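Note sheet for the following structure.
The values are calculated or read from the model by the stated rules, or taken from the named source; none is laboratory data. What you are looking at is a predicted structure, and each value in this text was computed from that prediction instead of being measured. Don't worry about glycine lacking a Cβ; one is built from the backbone with ideal geometry, like all the others, and counts go over all protein chains shown. These accessible areas exclude ligands, DNA and RNA; they are computed on the full protein's heavy atoms, side chains included. Shrake-Rupley method; radii C 1.70, N 1.55, O 1.52, S 1.80 Å.
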Amino acid sequence: MSEEFDIFSDRDSTMEDAVRQFTICNACRYCEGYCPVWPEVHSGNIITRNDVLYYSNLCYDHRDCYYACPYVPDAHEFKINIPEVTRKIRKKTYEELTFNLNSSLEKKIALSLILVIPIMLGWIFTFNNIYSPGPISFYKLVPKYPLIAVSSMLSLYLLSMLAVAGIRYRRLVIDGLDRGDRNTGVGIAGITTLLNVLAHKWFRKIHYPGEKESNVRFGFHLLIFYGFLMDILSTTLGFIYEDILAIPSPFPFYSPVVIAGVTGGLMLTVGGLLGLVARFSSRNKQPFMTVEGFDFLLILEFFVVALTGLLTLLFRYTAGSEEVYLMLLIHYSAIYTMYITAPFSTNVLHIIVRLMSLNRFNNHNIP
Ligand code: SF4
């Protein structure tokens, strides 16, 4: 592990405990086959702190190992709780990869101001547009080019945060794994990783949100994943229609732009709701796991963004222009909030960090 990323002080209890637990697991080997983590744990002799960082960020939080383990805290002095200790390491990894910008009160205040001030200014400058007369056009609330400028900046900001986190994770963790191979990222391993992600290979039949095996997480994550892709498709089609084919918005209900947007919105809303219910159900059924904002904020933000988007469209056909524009302003505020807060308060970095860990696993395990 590089000095720069030694985020866990020598005596850090979380990291020490994780090394201790995985060292016991490496001797026990009962959980082989449950998930990608165990073949990696058992492929070496000595468990290093860097290994633990890799295992924790490869972990899909199945919780199978907890229910299989005879050494869990309530049953044995070994006090093994792999799902919880890897969760803590993941949270700290994401904080470190975003330069701990959410770690002190001052930083939190600065982040809140970056969040609240633009939203307030947005409402102040656009609120009167809610009363715009005539046929409904979303650009009457926020004109087209300022809207494109703000959404492009937000996308660039989030993609840059993910890219920087990915580059740092590779340099600070993946490259430090002293097992001779490196994460090439392309070739068979890369294609396998992409197919694993698209098929949600490692999400099926897991012990979540309770002791009974279920596909709940497989279901809601699939809905959120493909719902988000459908909304990106809708936005892209909207641009093609308006700026290439010169077909002006608002588009009719049967147009591919609206169909893709509604489909994506419904998938995100249902997936978000399922995800939130599962998260809070697991809090009651699986008390060995902590549930904090970090664990559900991203799902909640997707749910609010999708729901306000659908309501805006519904109001277009059922309510007056003022209701449409007001809901649209709430929708824009929800999108802004999600983009700004996602890297610091949610587990959004799992998108890039787990992808790179899974690719390293495939690179290491595909003959
Ligand atoms: S979690 Fe428990 S049962 Fe599984 S490998 Fe570790 S010690 Fe063994």
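Restricting attention to region 42-65 and to residues that are out of contact with any Ser or Thr (no Cβ under 7 Å at 6 or more places or on another chain) and in a helix (DSSP H, G or I), the residue that is nearest to the ligand (Cβ to nearest atom) turns out to be Cys65. Cβ-Cβ contacts under 6 Å between residues 6 or more apart (or on different chains), taken from a first residue in region 125-143 that is small (Gly, Ala, Ser) to a second residue that is assigned to a helix (DSSP H, G or I), are listed as Ser132/Lys140. For region 19-41, the condition of being part of a loop (DSSP other than H, G, I, E, B), of a type in the set (Val, Ile, Thr) and either open to solvent by less than 20 Å² (accessible area, probe 1.4 Å) or touching a Lys or Arg at 6+ places or on another chain (Cβ under 6 Å) (or both) holds for none of the residues. Residues in region 252-273 that are farther than 17 Å from Thr308 by Cα and open to solvent by less than 20 Å² (accessible area, probe 1.4 Å): Ser255, Val257. Number of residues in region 66-80 that are part of a loop (DSSP other than H, G, I, E, B) and either near the ligand (Cβ under 8 Å from one of its atoms) or closer than 18 Å to Gly33 by Cα (or both): the value is 6. All of Tyr336, Tyr325 fail the test of being surrounded by 22 or more Cβ atoms within 10 Å (Cβ to Cβ) and in the same structural domain as Thr263 (by TED's automatic domain parsing), apart from Tyr325.
Residue-by-condition table, conditions (1) assigned to a helix (DSSP H, G or I); (2) within 29 Å of Ser152 (Cβ to Cβ):
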residue: Gly210; (1), (2): no, no
residue: Ile224; (1), (2): yes, yes
residue: Thr235; (1), (2): yes, yes
residue: Asp243; (1), (2): yes, yes
residue: Ile247; (1), (2): no, yes
residue: Phe251; (1), (2): no, yes
residue: Ile259; (1), (2): yes, yes
residue: Val262; (1), (2): yes, yes
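For region 299-318, the criterion of being over 30 Å from Ile89 (Cα atoms) and assigned to a loop (DSSP other than H, G, I, E, B) is met by no residue.
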